[in-house]
1. Using 0.36 nm per residue of separation minus the Cα-Cα distance, give me the extension gain between M33 and K68 in nm, one decimal.
2. Could I get the Rg over Rh figure for the stretch 9-74? Both from C-alpha atoms, Rh via Kirkwood, rounded to two places.
3. For the stretch 61-71, just list the computed ³J(HN,Hα) in residue order, Karplus coefficients 6.51, -1.76 and 1.60, θ = phi - 60°, integers in Hz, with x standing in for Gly and Pro.
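Each value in this text was obtained by applying a stated rule to the coordinates, not by laboratory testing. None of the values given here were measured: they were computed from a predicted structure.
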Amino acid sequence: MNCGVFLNAVIKMKKVYKIKGFDCASCATLLEMGLEEKGVRCKCSYAKETLEVKGEHDFKMLKEIVKKSGYNINI
């Protein structure tokens, strides 16, 4: 068995959530910046109404930040 194959593998974790309540692209940017300040690697899209989170994250904390920012998040 060649274990080297597994040692070089890169595991990418990505989860996309639907976000409701963006009024403009600046809304998405501000949410993205706020989440990144909390250590969440993410990308928000106003046009797609999505939040793409990369890596491990705490959904409860994520949901709380999104709600406090005035938006709704759907799984």
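1. Fully extending the segment from M33 to K68 adds 11.2 nm.
2. Dividing the radius of gyration by the Kirkwood radius yields 0.96.
3. The phi angles translate into 5, 4, 4, 4, 5, 4, 5, 5, 7, x, 10 Hz.
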